[in-house]
Number of protein chains: 2
Amino acid sequence: MATIKEIASMANVSRTTVSRVLNNSGYVSEEVRKRIIKVIEETGYVPSQQAKSLRTKKTKVIGVILPTIKTETSGRLVAGMDDELSEAGYQILLANTNHEKQKEIEFLQLLKVRQVDGIILAATNVNDLLVEKIKQLDIPFVAIGQEISDVSNILYDDYQAAKDITSLFINKGHQQIGFIGVDESDLAVGMWRKKGFFDQMEEKGLSVEEAWVEQGVFNIQSGYEAMSRIIQNSNQTPTAVFAVTDRLAIGAIRWLNEHSYAIPSDMAIAGVGASELSNYITPPLTTVDYENEKAGKEAAKLILRQIEKNNKVIEKITLNYRLLERDSV
Amino acid sequence: MATIKEIASMANVSRTTVSRVLNNSGYVSEEVRKRIIKVIEETGYVPSQQAKSLRTKKTKVIGVILPTIKTETSGRLVAGMDDELSEAGYQILLANTNHEKQKEIEFLQLLKVRQVDGIILAATNVNDLLVEKIKQLDIPFVAIGQEISDVSNILYDDYQAAKDITSLFINKGHQQIGFIGVDESDLAVGMWRKKGFFDQMEEKGLSVEEAWVEQGVFNIQSGYEAMSRIIQNSNQTPTAVFAVTDRLAIGAIRWLNEHSYAIPSDMAIAGVGASELSNYITPPLTTVDYENEKAGKEAAKLILRQIEKNNKVIEKITLNYRLLERDSV
DNA sequence: AACTAATATGGAATCGATTCCATAAAAATA
DNA sequence: TATTTTTATGGAATCGATTCCATATTAGTT
């Protein structure tokens, strides 16, 4: 790889002048400019990002912290970001926490050391330590999926979406509705979706039997088991169950299918997430589409705006969602 | 952010000595070492990767070029890589081509400029220009999924897997077997899987009617349409169809379901890829599990070995696959 | 005691760019 | 014609680390 010094001497000018051509800045005569460009083209020279970043303090890299990279949701999120970012000449440096909380903090530090121009965090559980670290970070930052005060956020309306799903059940005549949730330390998925469900039930004067409420984790097997527990432990089984993620819902459906419950006549089911899977199981699952790709795009736009404005423009964006009514309700 | 210079003056030593402590190299007296470590801890100083890389020519970053980041396959691949790489202190810099061929070449260049320590390419179509660029790259390199001479490869045994699936059909008594493929410029998926199918049919003395063979692209809709064409155009409809990807197979199944074909009795279907989806559709799809996460891990290991050995150790690894016999055959 | 080897530290060059500052020539203005 | 202004270029400092080399002290060996 050639260096600017070599290009300079080949074109019989100083490094300064080459740099001017490279960055289109300052005065360079047409004649010299042409000579330099010719040399650059002949040698295929490209300036080292390395050296450039050291001097300019800009890396054209955005750090993205994810709880996992295996899921569709993550994939779509990243795809959306990349769409916007690559357009603007940025690349994504991945940081995968594998759901380990303390890694979020480690990566925050690591990415800063790597001098990324901004950080996007797909947040799961927000604890005080994390929030504090974020605040003392002092580089452009956007959190997706969880509200964090004083920083930019892309938010899903988990509360309203849960209410809508619950309404849908009620409108279809269901009165006894069960719920499969996740741990409430995940504020968005665990807490807000649960609250939406219970608030809506209460508003409509419907009560929820304790045995109808179960908790799982983020996979299909867990939904399968939760459904089994609901049926086993209920005095009177519910006629519908709201699962807070598609995977939980799909697990539930699988259990119901295996035990000859007809869906939706014996039991209605809905999930959240609009995974590709949800549309191809039998019956197709009623769910909420959060449009993750769009979320990724918006997050990227926010980060770029922060970088450009060179200061802390704090923006909070709550995205729309689409209720996809399919055959499981 | 503090710099090594500041740390040095705070500890009343030279930058050189601080660097020695940082890198555990050369002679430093116990007393001075302690003093420096104390200052480092108090200030929370971390050396700039930027400056370090400029001098050492190592970035601890691996560039990963993918045709898309939206799919499960990509997600698993990346997850596998990250597993190994983060262990060794490396991070992944993403490059998403969105299936645009010329972007593969652009990214090769871009990643090199960014001084990544190695590049992993999830290859789709290999053309001469790409191969040439790869060869003159001169940094650790691994290609996944497609054979490229003179560089390290992680390969799937597409040919044998296709033969196995075809055998399975034949053993179940099928004689008229259809095929849904993709463009053969994708050597692995398009060419080798097709060849595996036809070779196996020929070996068993079975002929394939022209109308049984259709081509699609990498999505569900495309499988749906291909299946429709096969049924419409055949004199005698096949009793089984091998689709080269799960999505194509799932599209085909969808068409068959909609037109009241019973699976597998009226028509047997198999795919390749073992997507999560494949296990939850009705009926569960017989498919080949290529264990992408493992492929990612192996690719990462290869890259690390190349970096460590500091030279072109060319290794070719063909991974095992598992034939998942489910209810669609 | 004299001399070699090991230990300990700092100065200065280096990596490859950008950018401030100085200077000189050409063009514009008084 | 004298004096600004604009245009054009290069020298040298800088970003924040690592590393080669020199030097000084201390320890070990004959």
Looking only at region A:5-18, which residues are surrounded by fewer than 18 Cβ atoms within 10 Å (Cβ to Cβ) and more than 7 Å from DNA strand D (Cβ to nearest atom)?
A:5, A:6, A:9
Any residue in region A:7-19 that is within 14 Å of another protein chain (Cβ to nearest Cβ), within 16 Å of DNA strand C (Cβ to nearest atom) and of a type outside the set (Gly, Ala, Ser)?
no
So, residue B:100, is that one surrounded by fewer than 20 Cβ atoms within 10 Å (Cβ to Cβ), farther than 28 Å from residue A:113 by Cβ and acidic (Asp, Glu) or not?
yes
Please enumerate the residues belonging to region A:284-311 that are closer than 30 Å to residue A:151 by Cβ, touching a residue at least 60 places away in the same chain (Cβ under 8 Å) and either away from chain B (no Cβ under 14 Å) or surrounded by fewer than 15 Cβ atoms within 10 Å (Cβ to Cβ) (or both).
A:288, A:290, A:298, A:299, A:301, A:302, A:303, A:304, A:306, A:307
Quick one: is residue A:52 outside the structural domain of residue A:184 (by TED's automatic domain parsing), within 12 Å of DNA strand C (Cβ to nearest atom), in a helix (DSSP H, G or I) and free of Cβ contacts under 8 Å to residues at least 12 places away in the same chain?
yes
Here is a check on your reading of the model: is residue B:55 surrounded by fewer than 23 Cβ atoms within 10 Å (Cβ to Cβ), among the charged types (D, E, K, R) and within 14 Å of chain A (Cβ to nearest Cβ)?
yes
How do the strands (runs of 3 or more DSSP E) wholly within region A:63-171 filter down when requiring 3 or more residues that are at the interface with chain B (Cβ under 10 Å from one of its Cβ atoms) and within 16 Å of the chain's Cα centre (by Cα): which remain?
A:91-96
Going by the structure shown, is residue A:35 more than 9 Å from every other protein chain (Cβ to nearest Cβ), among the basic types (Lys, Arg) and more than 14 Å from DNA strand C (Cβ to nearest atom)?
yes
Quick test of your reading of the structure: residue A:107 fulfils all but one of (1) in contact (Cβ under 8 Å) with a residue 24 or more places away in the chain; (2) within 16 Å of DNA strand C (Cβ to nearest atom). Name the failing condition by number.
(2)
(1) touching a helix residue (DSSP H, G or I) at 6+ places or on another chain (Cβ under 7 Å); (2) near DNA strand D (Cβ under 8 Å from one of its atoms): which one isn't true of residue A:27, the others all being true?
(1)
Scan region A:278-329 residue by residue and report those that are of a type in the set (Val, Ile, Thr), more than 17 Å from the chain's Cα centre (by Cα) and within 22 Å of residue A:159 (Cβ to Cβ).
A:286, A:287, A:314, A:329
Expected single match for assigned to a strand (DSSP E or B), within 28 Å of residue B:77 (Cβ to Cβ), within 14 Å of chain A (Cβ to nearest Cβ) and aliphatic (A, V, I, L, M) among B:269, B:253, B:317, B:281 is B:269
Give me the residue from region B:34-47 that is surrounded by fewer than 16 Cβ atoms within 10 Å (Cβ to Cβ) and either in a helix (DSSP H, G or I) or of a type in the set (A, V, I, L, M) (or both) and, out of that set, nearest to DNA strand D (Cβ to nearest atom).
B:46
Which residue pairs have Cβ atoms under 6 Å apart, sit 6 or more places apart or on different chains, and have a first residue in region B:129-143 that is touching a residue at least 12 places away in the same chain (Cβ under 8 Å) and a second that is among the charged types (D, E, K, R) and surrounded by 13 or more Cβ atoms within 10 Å (Cβ to Cβ)?
B:130/B:104
Would you point out the residue of region A:257-266, among those that are within 13 Å of chain B (Cβ to nearest Cβ) and without any contact (Cβ under 8 Å) to a residue 40 or more places away in the chain, that is surrounded by the fewest Cβ atoms within 10 Å (Cβ to Cβ)?
A:258
Of the numbered conditions (1) under 38 Å from the mean Cα position of the chain (by Cα); (2) not assigned by TED's automatic domain parsing to the domain that holds residue A:129, residue A:35 satisfies every one except a single condition; which is it?
(1)
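The values are calculated or read from the model by the stated rules, or taken from the named source; none is laboratory data. None of these values were measured; they are calculated from a predicted model. All Cβ positions, glycine included, derive from the backbone under ideal geometry; neighbour counts span all protein chains shown.
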